[in-house]
Structures are given as structure tokens and as C-alpha cells.
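All remarks here apply to the structure that follows.
The values are calculated or read from the model by the stated rules, or taken from the named source; none is laboratory data. Being a predicted model, the structure only gives us computed values, none of them experimental. Cβ sites come from the backbone with ideal geometry, for glycine too, and all protein chains shown count toward neighbours.
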Amino acid sequence: MSQSPGGKFTLEYLLNLLLSVGFIGQKQSDAITDDYQRSIEAASRRTRQKNIGADALLITDPLDFIISRKIPLVGAVDGRFIDDEVLAHLMAKSSGLPYRRVEQRELNIEFITNLLPQSFASRHLILPLGFEGSNLQVGVRHPFAQNVLDDVRRVSGHPIVPVIVSQSNLKKILSDIYAFGSSVKGATGQFSGGSRLGVDVSNLEQYVKLKSASEIKDDDQHIKNLIDLLFAEAFEGRVSDIHLEPKREFLLVRMRFDGVLHDMYRLPIVIHPAIVSRIKTISRLDIAERRRPQDGRIKIAHKKAEAEVRVSTVPVAFGEKVVMRILDPEALFLDLKTMFHNAEDYKKWQDFTAQPHGIILVTGPTGSGKTTTLYSTLRQLATPEVNVTTIEDPIEMVHEEFNQIAVQPKVGITFGSIIRTILRQDPDIIMVGEMRDKETAENAVQAALTGHLVLSTLHTNDAPSAVVRLVELGLEPFLVSSTVVGIMAQRLVRRICPNCVDEFVLTAKTALDLGFITHGDLTLKHGRGCEACRDTGYLGRVATVEVMPFSDAMKESILHGNQNALTVKTMARNEGMITLRENALDLMLAGITTIQEVLRVTSAD
């Protein structure tokens, strides 16, 4: 094992690690040493001139100095440099200590902030991670922090097990948890007085009566900070939804990354009413109304960009549950060409949207990317020569090139009724958020028959089932066959993180056990998990689609009463349709997604 001279964290120690694995050569090591010495001497001169004191020499940290050199990482295909994560892995291997990538959601914030002062933890970059039996795991940036670890052992009263964590990971986690913990502690202190302490929240009637809305102050700075920190973490982590779920004894905060929910925090239940009140205030909802669901919106500025947040509240057993959906304009408008993995599917979709009139449908469950597909298509079609009008419930994202109408049933504006009004507005292209009843379907058909292009969505599992659904809504088969141009089903699968992608061999037997037939072993890819992907192995999502044109033969078959989904699917397959499962398997073989995602998102054909 490579050791530091005298058991200290020095530049020589780090350079020896890099030399031992061939990441640098001896000449490069000598040059770095010379530059470092010059830096030390320059710092010393500045210290003498300004009479600051010898501690000023500590500003030249050996790890920071190596990172600042931007040394290309040998073997990296993405132009990566030697960074603190690379050095952390090398230090862990050399010292025999475990390496760990830390996520904030794994930590007990209250325990950490009560155990160590922020000044101590930040100065020494040390982070209590949790207990392993009776031992306390503590994250450090290098193996030579024994004096600091002894201090933590004395304070905690537990044996210490050091774990190597990258410097950037430690800095971010420490910054976030002390800011978050301070807000939680301050808010808890403010709202934990009086009758709410020790209340039996299983008595729901008593729980509602404990505090009126007027007693909960939503303008408290701790509450504001807490919500700001939640939004900041969501924006930085590619979160699509934030769930605030009141339980019997705590408030559970969950976030959805790349389509999958993760538990993040368990906050004191006493601050739940204040958090809900604050969210209701900024989304213009009635803070006094807790018995019925409410919907609102927030516009948030983040890093010189704006994002819309849709807020939904609903009363549940122990209070009001809040779900906030973050609508990122960059994610809602995509380049359609990059969305389709199969070039033939992209050509079919372009052929659909090139038609002057007819109905184009996108099918799939909630959260499958239907709205993103329609918005991206509309933006491509919205030239100065055409009038694009949308009917949405609610409006997902305000876009100046579209004329957008929000459904408002209380004043008679429904999907079905407003289409008739729109036809008097000289539209060329109409987007109907969802065909959910006979009236909407019939008016959409009427719009298509009178020379308009109509785009809409249906909740069906695949493209052929959409034909059955239209007939079930009450449309005559001859109207379906004469107006529908094409149908596309879609799902979203998670992309393998490009920063930690790795190969593995899937044997033919294992593939068969999973339901796939292959003529031999397959070399596939997956993500190991890293900082960029939050240790999930996935970064972002990609669509798997099933594009079904309405050929003349299919129209003739439907016209004669063959609306069975299996019949339609067989005909579409014979005409070259690639199914959702087949498309997902192509993505897997191309190294874009994993076999686990294929099985999670698609069903067997």
C-alpha cells in the first residue's frame, strides 16, 4: 500500500498514488512538485508582506492543487480529468478503507447537526454517516484524520469506523444538511409549543381542532428557507415531483428522480401545517380550506431560467398531502428527431403530422411523456402561417406560439364543448389534452372531417387498443377509419448514466429465464452508480414507442367491424410495426437502457 511520509496528508502521498496506477509519469510528478513548491513560496511571500501569519500557508491544499492542474484521466473516453472522486477511490484502495458515495436522503440530519457544530464539521470536512452495529461510520476526505476522528469518538461515545468520501461530496452534503437542519430546527422550535405536543393524531377530529389556520404563520423565515431548499434540491437533482405526505408521527418528503420515487426526509409532523400554509400562499390557494382538494401554480426562477410548478393538495388521514410537479421548459420541448431511436418510427410520425387533416393519437399511462411529445410536435408545426390552439386540463406550460385554453367545467368549458367554439376561431391545428368521453371524441372527429389536424391523447396500454377505446367511447367504426391518421403508444425508460457505464455478460440461460430468447450470451451495459446519477446508475430518460399508421387495409378491416385489439395488432405487426417491447430491447442492445428497465416498463408482446 502507498503510504504518506510520516503518516500525513501531503502532495507527495497523492502523487505516489497517481504514479502507482500509471495516471501520471515521473516527469509529470516532478513538474507538479516544483509548481507546488513555487505556490507555497509565493503564498509565504504574500504572508510576510501582509503580515497575516503562518496559517496563510494552509491555503494551498495538496488535493485542491492537483485538481486545479486538470490532469487528463488515462483511459477516459469523455475527456474527464483527475478529480477528487478519482483521488478518493485511490486513497480508499491504498489505505484499505471503504469508499462511499453519500446521498443526503440516507442521513439522519437531526443526529448530525446535534452531534457536531457546523464550524467543526466544515473546517475538518468530516461527516457522521450512521451506525453499523455499535460503531459510528464517519466520512473523511483522506485516511490521516485520526485526531479529528478521536474528537468525534469522545463526543459521540461510540467507536469510529472511517469511510473515504470525495471532497466535493462532503462539501455539498455538509452545506445542504446544516442549512436544511437549521431551518427544520428553527421551524420546529417555533411550532412545537402548546397543545400540539404529545397529541394523539390517530384521533383525526381532535387533530383538526388543535390549531386554526390563523395560528399558523406561513411567513416565518425558517419555513421559507426550508421550502426554498427543497426546491433547490429538486432543480439540481432533475426531480419531476415533490411529495409531502403527513404520517402519524412525521412528515415524509419524497422526490421522483427519472420516474422513480425515493424517500428523502422525515420531518417533524409539527411543522407540516406551516409548510402547507406557505405552499398554499405562494400558489394562491385558500389556506383556510383543508377539507377539499385544491390546485394551484407557482412560477420559480432558477439559474436565470423559469420553471412552472403545479401544486395539488388533498386531505388524507393525518393532514393535507401536497404534490408539486416541476415543469421544466427545457424538458417539455424536445428535438423530436433525437426522441425516436428508430429512424423508421420517426419518419412515420413525421408523415402523420404532415397531413392537412385527421386525428393523431398518443397513448400511454400518466407520466409516460405524452404531453412532451405533443408539445414538441406542436412547436415544430407552429409556423407563422398556421393557427395552433390547445385545450388543456390544466395548461402544462404557457407558450406564446400557441393559443392555449384551460378546461373550466364550472363555467361550461369542457374538452367536448370548447371544440365547437374553437372551430369558429379559424384554427389549423387543434390539440385536445385528452379524449375522455363521447362528446369530446365526436367533436374531435367533426373537427377532423372539416379540414383540421387534431392531436390528442388516450389512456391505453398500446396503440392497437386505442381503436377499441374509440369505439367504446361511442364512435362509429366508419368515423374511426375515416379520420384517424395514426396512433403512437409510448413509455419512458431510464437512460444508463454515461459517467459510470459498465459492461456485463447476460447468459443465454438467464435471458431465457427472464423471457427473452437469444442465440448466445449477450454483452450488455448498466450503470455502476456515481455522483452524477445519485448512485442510481441512470441519468435521464428516453422514450420507447410503438408507431401504428392507419393503412388502407387496416381502415377497410375496421370499417367492416374488426375492431378487436389482437386483430388490429396482428395486422399492424404484419405491416412492419415495431412494438414497445421490441423498441425497448433495441434500446437495451444499443447500450442506452438496461434489461431491468425493459422488464419494468414494457410487457411481453
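Structure above, values below:
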{"item": "Hey, residue 435 in a loop (DSSP other than H, G, I, E, B), of a type in the set (A, V, I, L, M) and under 37 Å from the mean Cα position of the chain (by Cα) or not", "result": "yes"}
{"item": "Pair list, Cβ under 6 Å, 6 or more apart: segment 29-42 residue in the same structural domain as residue 61 (by TED's automatic domain parsing), other residue assigned to a helix (DSSP H, G or I)", "result": "29/15; 29/19; 36/11; 36/65"}
{"item": "Condition check for residue 385: more than 28 Å from the chain's Cα centre (by Cα) and modelled with pLDDT of 85 or more", "result": "yes"}
{"item": "Checklist (1) part of a strand (DSSP E or B); (2) outside the structural domain of residue 358 (by TED's automatic domain parsing); (3) more than 27 Å from the chain's Cα centre (by Cα); (4) among the aliphatic types (A, V, I, L, M) applied to residue 524, failing item", "result": "(3)"}
{"item": "Which listed residue is crowded, with 19+ Cβ neighbours inside 10 Å and farther than 30 Å from residue 381 by Cα, from 250, 318", "result": "318"}
{"item": "Positions within segment 435-486 being acidic (Asp, Glu) and over 29 Å from residue 583 (Cβ atoms), in sequence order", "result": "437, 439, 442, 476"}
{"item": "Selection status of residue 492, at pLDDT 90 or above, closer than 19 Å to residue 448 by Cβ and surrounded by 18 or more Cβ atoms within 10 Å (Cβ to Cβ)", "result": "no"}
{"item": "Count of residues meeting criterion [out of contact with any helix residue (DSSP H, G or I) (no Cβ under 7 Å at 6 or more places or on another chain), touching a residue at least 12 places away in the same chain (Cβ under 8 Å) and not in a loop (DSSP other than H, G, I, E, B)] in segment 92-109", "result": "4"}
{"item": "Subset of segment 431-467 (residues that are within 27 Å of residue 571 (Cα to Cα), surrounded by 20 or more Cβ atoms within 10 Å (Cβ to Cβ) and of a type in the set (A, V, I, L, M, F, W, C))", "result": "435, 441, 444, 445, 448, 453, 454, 455, 458, 463, 466, 467"}
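Let's see how each residue does on (1) closer than 22 Å to residue 342 by Cβ; (2) outside any loop (DSSP other than H, G, I, E, B); (3) without any contact (Cβ under 8 Å) to a residue 40 or more places away in the chain:
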residue: 456; (1), (2), (3): no, yes, no
residue: 466; (1), (2), (3): yes, yes, no
residue: 479; (1), (2), (3): no, yes, yes
residue: 488; (1), (2), (3): yes, yes, no
residue: 534; (1), (2), (3): no, no, no
